[in-house]
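Written below as structure tokens is the structure these notes are about.
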Amino acid sequence: ENLKTYTKYSDANAGSSSKVVDFYTSATYSGTWDAGKTWNREHVWCQSLGTFTTKNCGADLHHLRPTDPKVNSTRNNLPYGEITGTYKTATTSAGVVGGYYTSTRFEPLDNVKGDIARILLYCYVRWGENNLTDVIQSVDILLQWCKQDPVDTWEMSRNDVVQNIQGNRNVFID
């Protein structure tokens, strides 16, 4: 099925498919797909560090999230982790902050760290992506992020919508 179409339901702003919520910034954009100009689809487990392409994990709505193209490009294939010392800020073209980065790591905003951790765990278990520490600094950080940013009603609602679309759940949200 067409994930570009389903994103306007799975990531709808306040339940309205006319707007989607950016994963990293929480900004809202038109829910209409415009070939990635306004928002594109982020593989939270970046493709270059995974064993998938456009099937399985690469086509799983639990794993793909709408993001600002500039922030997504800045994140590129950097592993997630905590940053200390000098860093740069990942922003949208409008200047909205979506995270922080160095040449070796991307640190998302606190409000999505747990979401990311649960998505990575899901990909690891559901799709057998076995190189978890290639995508995140350490398992300790992954677990810390789960605790620091617990499941919220947004994640629970999104899990319900994705189940209705593709027939399965992210058990790490449940």
Response to the item:
In segment 140-151, anything free of Cβ contacts under 8 Å to residues at least 24 places away in the same chain and surrounded by 13 or more Cβ atoms within 10 Å (Cβ to Cβ) is listed as Gln144
Worksheet item: Counting just the residues of segment 116-139 that are touching a residue at least 60 places away in the same chain (Cβ under 8 Å) and open to solvent by less than 10 Å² (accessible area, probe 1.4 Å), which one comes out farthest from the chain's Cα centre (by Cα)?
Response: Glu129
Worksheet item: Applying the selection to segment 152-162, what residues are surrounded by fewer than 20 Cβ atoms within 10 Å (Cβ to Cβ) and touching a Ser or Thr at 6+ places or on another chain (Cβ under 9 Å)?
Response: Val161
Fill in: Verdict on Asn76 being within 15 Å of the chain's Cα centre (by Cα), crowded, with 21+ Cβ neighbours inside 10 Å and farther than 18 Å from Leu132 by Cβ
no
Worksheet item: For segment 164-174, what are the residues that are surrounded by 14 or more Cβ atoms within 10 Å (Cβ to Cβ) and either closer than 16 Å to Cys57 by Cβ or more than 17 Å from the chain's Cα centre (by Cα) (or both)?
Response: Ile165, Gln166, Asn168, Arg169, Asn170, Phe172
Worksheet item: Among the strands (runs of 3 or more DSSP E) contained in segment 1-58, which hold 1 or more residues that are without any contact (Cβ under 8 Å) to a residue 24 or more places away in the chain and small (Gly, Ala, Ser)?
Response: 16-21, 28-30
Discussion item. If a residue must be part of a strand (DSSP E or B) and open to solvent by less than 90 Å² (accessible area, probe 1.4 Å), how many such residues does segment 84-102 contain?
Written reply: 8
Worksheet entry | Residues satisfying the stated conditions in segment 3-25, i.e. open to solvent by 60 Å² or more (accessible area, probe 1.4 Å) and either among the hydrophobic types (A, V, I, L, M, F, W, C) or within 14 Å of Thr67 (Cβ to Cβ) (or both) | Lys4, Ala14
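Let me confirm something: among Thr91, Thr67, which residue is polar (S, T, N, Q) and more than 24 Å from Arg118 (Cβ to Cβ)?
On the way: Thr67 fails: more than 24 Å from Arg118 (Cβ to Cβ).
Of Thr91, Thr67, the one residue that is polar (S, T, N, Q) and more than 24 Å from Arg118 (Cβ to Cβ) is Thr91.
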Worksheet item: Mind checking which residues of segment 140-157 are more than 16 Å from the chain's Cα centre (by Cα) and either over 23 Å from Ser26 (Cβ atoms) or aromatic (Phe, Trp, Tyr) (or both)?
Response: Asp140, Leu143
Fill in: Selection within segment 59-68 - open to solvent by 10 Å² or more (accessible area, probe 1.4 Å) and either in a loop (DSSP other than H, G, I, E, B) or touching a Gly at 6+ places or on another chain (Cβ under 6 Å) (or both)
Asp68
Fill in: Test result for Arg41, of a type in the set (Lys, Arg), in contact with a Pro (Cβ under 7 Å, 6 or more places away or on another chain), open to solvent by 50 Å² or more (accessible area, probe 1.4 Å) and at pLDDT 95 or above
no
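The values are calculated or read from the model by the stated rules, or taken from the named source; none is laboratory data. Everything numeric here is computed off the predicted structure, so don't read it as measured data. Methodologically, a virtual Cβ is constructed for each residue, glycine included, from the backbone with ideal geometry; neighbour enumeration extends over all protein chains shown. Accessible surface is based on the protein model in full, side chains and every heavy atom, while ligands, DNA and RNA are left aside. Shrake-Rupley method; radii C 1.70, N 1.55, O 1.52, S 1.80 Å.
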